[in-house]
Amino acid sequence: MEMASKYDPRAIEDKWYKYWLERKLFRSVPDEREPYTIVIPPPNVTGVLHMGHMLNNTIQDVLVRRARMQGKNACWVPGTDHASIATEAKVVAKLKEEGIEKSSLTRDEFLAHAWEWKEKHGGIILEQLKKLGASCDWDRTCFTMDEPRYESVIDVFIDLYKKGLIYRGVRMVNWDPKALTALSDEEVIFKEVQSKLYYLRYKVEGTENEYVTIATTRPETILGDTAVCYHPEDERYKHLAGKRVLVPLLNRSIPMISDEYVDREFGTGCLKITPAHDVNDYLIGQKYNLPSIDIFNPNGTLSEKAEMFIGEDRFAVRKLIIPALEEAGNMVKIEDYVNKVGFSERTDAVIEPKLSMQWFLRMPDLAKPALDVVMNDTVQFHPEKFKNTYRYWMENVRDWCISRQLWWGQRIPAYYLPTGEIVVAKSAEEAIEIAKCKLMKTDLKASDLRQDEDVLDTWFSSWLWPISVFDGIRNPENEDIKYYYPTNDLITAPEILFFWVARMIMAGQEYRNEIPFKHVYLTGIVRDKLGRKMSKSLGNSPDPIDLIEKYGADGVRVGMLLTSPAGNDLPFDESLCEQGRNFSNKIWNALRLIKGWQVDNSLPQPTYAAASILWFEAKWNETLETIDNLYNDYRLSEALMTAYKLVWDDFCSWYLEMIKPAYQQPIDALTYESTIGFFEELMQLMHPFMPFITEEIWHFIRDRKEGDCIMVSQIPQKRPFYPEVLSKFAVAEEVVIALRTLRKEKNIPFKESIELFIRKNNQEKPETTFDSVIAKLCNISKLEYVSEKVSGCSTFTVKSTEFYVPMLAGTDQSAEIAKLEEELVYTRGFLESVMKKLSNERFVANAKPEVVEIERNKQADAESRIKVLEGQINNLKG
């Protein structure tokens, strides 16, 4: 095959992804191999690919591709989440555009529209992931509302209800007035906002002019007040024990009560109690048997129970009630105030605490084992710092409100009898049988039952995801669940650590008596150059598909991973993707260079080539060990950077230059074959990060049989090597750099050969392993070891070895002396800093022995170098 002069990712990426799919190379079925399993964090069906998805799924694909190349049976299960609130909002908006109100439809009619919308839009994000190169087993694609997952959720609800862990009751919940549904505590995002603190006075009933002043951020809620409370030890209010006060504007008489809950330092030390609209007030209301007046309609407008401003929005009423309070003489003052307000994680509406009949799951008993497995590292977090956040949440867990006032989702399998009893069952028919047998309701018909209108929280389906994707709830002994569960790695974001990660661990413990995954890799947030989170609303998030079109999938993958350490935010800059594309071009051009060489089978291998191969073999194996360790520590960004440097710096910039034949000259077969072998292994190393270009190059390097793909090849294993080769080459590298610098300073063109004399000191023996390489890279016509100093030369030192290059005519000797004296001053300063450290008794006593030894070696090197430099200066001065 002829190589194109430029790498074109678009044609190549489409070609190879189609090839992989057609040959089912992503497919996994249980066999005798070790399984490696990842379940995708299911993106919402409403979603399209954003930068967070790009980062998360790139990391998953890197891990899956590497496991596959390690010979494991890699299974990456894709799927989507039905996203109750988000999807229902999309469908309602679409219907509204068509002139249809949700309220005009039956439940079944609405769900028909929802399923139609899902079929049209729900697969977009999965198709986009294919552009990224995601090697998912697409035959296993799941949806949280498909039949197996839907049934699994219903089965779990029934099971937990029978165990007494699910109950129904009136509780204070987080109400989303925009989505018109309750939310769990974890779906509320608290933000710091600039508010006002309103000081209002309540007249003491039966007095001429005595008032009690309270402070509130929500004056509109006074219409629901049923008490005013003070601290029992607050001397300012003790005389009001047993008294009553009048609610401003309404003149409703309410009691003065005392409770230690009140903070005497906040506001006036008096607290208005509105049990229907504040969590803490609700608890006080229950404690003192206070009535609860719900003044809000579900959409956040005021209800008839408010008696005033009926039908007005709550925030409009906040403005309208101020002049009314001022006119009535109840407004004392208004102050600026900063406080935290809860917002809906889904709609960004301000949450309204609301008393509501909901379904709840008791959490404490489920949380305890899920906390233990994380704290004892049965489940390991990467980075580990998130264990503390997890522990705080789990030790302060509250019962989970699992019902949602929506139609899109798994409908709660609870049936209400005409007499008020509740039967939980999989179907109306089963509910009738239970009612007949257990409740002796022998004359019941299906038409007598009413199923609960609510659906279950979306997270109540996704917490079963690692089990339900293998149908482990309905069929707990099936082959898939026994083979693939527990999964290996979960890649997700810290913000859903409790939403999803903790709950999956709970479900795994409850239904498999086993953890759902062994490692949790927590990604950071993708931010722009200003440090802002990337989002559509800010307009600072590029379209990932546009980036792929511009830089290629490999380029974008590399760009995303180069600066994304686990748990830390990713400061994204499009130039990173450009760097990734440039890396692809570098690899492509390196292969074009190699493929352009003519091979002569009769040529013997040059000494410089044999030495170069010896070095790169050692460098390769040392780096491979480093990368394996970085993978094991989930430091993928560092693993990529290490591999990147091996390819760009060590292979392209050094090795290829070291073995490259002279212009229009052939290369010997032995060196060529070794070079092709190295390139092949480098592509295998890079494949998890850059799947497309490595597959293309794999098929260019050698003739391959059908199906012989890099993605299913065996990843290279570390071979024995000589570590001392690396230290020897490090010295040779310094010599080459010094000689190149000298040529530049003296304006000596490369085509003009130079001579090099080397003088060892301290009775060291010559080290000649890489002399031939130095000679080739620096165009040296004569390389000789000498015992005496050589006059009339430019000089430099590496370690304690002196190097002499005979000066050409016109060389400025005074400049040469000045350069050496400058180096001498620097070396003396360096020695002084080392000696200062070694003379510090605390440092020597407390530092690790190996650290102290490094400093002593620095001292010896510097002292030796000073002697050499002084000798060279004296020699030049004559």
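The values are calculated or read from the model by the stated rules, or taken from the named source; none is laboratory data. As the structure is a computational prediction, the values presented were derived from the model and not from experiment. When we count neighbours, we look across all protein chains shown, and the Cβ atoms used for this are built from the backbone with ideal geometry, even at glycine. The accessibility values were calculated without ligands, DNA or RNA, using every heavy atom of the protein model including side chains. Shrake-Rupley method; radii C 1.70, N 1.55, O 1.52, S 1.80 Å.
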*What percent antiparallel are the DSSP beta bridges of the chain, to the nearest 5?*
70
_Efficiency of FRET between N585 and Q717 - r from beta-carbon atoms, R0 51 angstrom, step 0.05_ = 0.95
*asked:* If I ignore ligands, DNA and RNA and count only protein heavy atoms, how much of S462 is accessible to a 1.4 Å probe, in Å² to the nearest 10?
replied: 0
*F266 to T389: FRET efficiency via 1/(1 + (r/R0)^6), r the Cβ-Cβ distance, R0 25 Å, to the nearest 0.05?*
0.35
_Theoretical FRET efficiency, 1/(1+(r/R0)^6), r = Cβ-Cβ of N376 and N874, R0 56 Å, to 0.05_ = 0.25
_With the cut-off at 1.5 for a/c, could you classify segment 229-376 from its C-alpha gyration tensor as rounded, prolate or oblate?_
oblate
*Give the carbon-plus-sulfur fraction of the accessible surface of segment 476-595 in %, rounded to a whole number; probe 1.4 Å, heavy atoms of protein chains only.*
47
*Starting from the amide H of G79, placed 1.01 Å from N in the peptide plane, find each other amide H under 5 Å away whose residue is 5 or more places distant or on another chain.*
C142
*Additional length obtainable on full extension of the chain from L530 to L439, 0.36 nm per residue less Cα span*: 26.3 nm
_Convex hull of segment 735-806 built on C-alpha atoms - directionally averaged projected area, nm²_ = 4.6
*Decide, for segment 419-538, between rounded, prolate and oblate: order the square roots of the alpha carbon gyration tensor eigenvalues as a ≥ b ≥ c, take rounded if a/c falls under 1.5, and otherwise choose prolate if a/b is larger than b/c, else oblate.*
oblate
*asked:* With a 1.4 Å probe and all protein chains left in place, how much of the accessible area of segment 358-419 comes from carbon and sulfur atoms, in whole percent?
replied: 48
*Roughly speaking, what is the stretch gain from N280 to R27, that is 0.36 nm per residue apart minus the C-alpha to C-alpha distance, in nm to one decimal?*
85.7 nm
*For the residue pair Y288 and K120, what label-to-label distance in nm results when each label sits 7 Å from Cα along the Cα-to-beta-carbon direction?*
5.5
*Pair D628, E327: separation of 7 Å Cα→Cβ label points (nm)*: 8.3
_Which order do the peptides 326-335, 363-372 come out in when sorted by mean C-beta neighbours inside 10 angstrom, highest first?_
363-372, 326-335
*Along each of its three principal axes, how wide is the spread of alpha-carbon positions in segment 512-660, in whole angstrom units, largest first?*
66, 44, 28
*Ordering F381, F315 by how much accessible area each has at a 1.4 Å probe, largest first, what is the list?*
F315, F381
*Among the GluC sites (Glu not before Pro) within segment 663-725, which fall in a DSSP loop and have no more than 16 other Cβ atoms within 10 Å of their own Cβ?*
E706
_Alpha-carbon Rg/Rh ratio, for segment 22-170, with Rh computed the Kirkwood way_ = 1.06
*Just subtract the alpha-carbon distance of D14 and A818 from 0.36 nm times their residue separation and send over the number in nm, one decimal.*
283.4 nm
*Give me the angle, in degrees from 0 to 90, between the Cα long axis of helix 9-22 and the longest principal axis of the Cα atoms of the chain, rounded to the nearest 10.*
70
*Considering only DSSP beta bridges whose two residues both sit in segment 737-862, what percent are antiparallel, to the nearest 5?*
60
*Charge tally in the Cβ shell below 11 Å around Y551, where Lys, Arg are +1 and Asp, Glu are -1, Y551 excluded*: -1
*asked:* Just to confirm, what accessible area per residue do you get for segment 115-267 at 1.4 Å probe, in whole Å²?
replied: 44
_Highest average packing first - 136-143, 521-528, 757-764, Cβ atoms within 10 Å_ = 521-528, 136-143, 757-764
*Could you give the accessible area per residue of segment 618-668, probe 1.4 Å, as a whole number in Å²?*
41
*asked:* What is the distance in Å between the Cα centroid of segment 740-776 and that of segment 652-704?
replied: 28
*For W407, what accessible area in Å² do you get when you roll a 1.4 Å probe over the heavy atoms of the protein chains, rounding to the nearest 10?*
50
*Run through all the Cα pairs of segment 621-772 and give the fraction in each 5 Å bin from 0, expressed as whole percent.*
2, 7, 13, 17, 17, 14, 12, 9, 6, 3, 1, 0, 0
*Please give the helix 386-395 orientation as an angle from the longest Cα principal axis of the chain, in degrees from 0 to 90, rounded to the nearest 10.*
20
*Distance between Cα centroids, segment 489-535 to segment 244-304: provide it in whole Å.*
39
*Which angle between 0 and 90 degrees, to the nearest 10, do you get for helix 813-838 versus the longest principal axis of the chain when only C-alpha atoms count?*
50
*If you average over every viewing direction, what projected area does the convex hull of the Cα atoms of segment 684-814 give, in nm²?*
12.4
_Can you match Rg/Rh (Cα atoms, Kirkwood Rh) to one of these, (1) 0.98; (2) 1.01; (3) 1.10, based on a calculation from the structure here?_
(3)
*asked:* Can you give me the solvent accessible area of Y17 with a 1.4 Å probe, rounded to the nearest 10 Å²?
replied: 20
_At 1.4 Å probe size, with the rest of the protein present, what percent of the exposed accessible area of segment 685-792 is carbon and sulfur atoms?_
50
*Approximate spin-label separation V188-E109, in nm, with each point projected 7 Å along Cα-to-Cβ*: 3.6
*asked:* I want to make sure I understand the PRE zone here: with the label point 7 angstrom from the Cα of A669 toward its beta carbon, which residues in segment 606-629 have backbone N atoms less than 17 Å away?
replied: 606
*Using the eigenvalues of the Cα gyration tensor, what equivalent ellipsoid semi-axes result for segment 476-563 when each is taken as the square root of five times the eigenvalue, whole Å, largest first?*
35, 17, 11
*What number comes out for the charge environment of T347, summing +1 per Lys or Arg and -1 per Asp or Glu over other residues with Cβ under 9 Å away?*
-1
*If you take the square roots of the eigenvalues of the alpha-carbon gyration tensor of segment 557-643 and sort them as a ≥ b ≥ c, do you get rounded (a/c under 1.5), prolate (a/b over b/c) or oblate?*
oblate
_Are there any GluC sites (Glu not before Pro) in segment 460-561 that are in a DSSP loop and have at most 13 other Cβ atoms within 10 Å? List them by number._
E477, E514
*asked:* Given a 1.4 Å probe and heavy atoms of the protein chains only, how would you sort H121, H699, largest accessible area at the top?
replied: H121, H699
_Suppose accessible area is computed on protein heavy atoms with a 1.4 Å probe; arrange D573, D259, D336, D633 from highest to lowest._
D336, D633, D573, D259
_More than 14 Å apart - percent of Cα-Cα pairs taken over segment 687-757_ = 75
*Given 5 Å bins starting at zero, what is the percent of C-alpha pairs of segment 454-509 in each, up to the one with the largest pair distance?*
4, 19, 27, 25, 15, 8, 3, 0
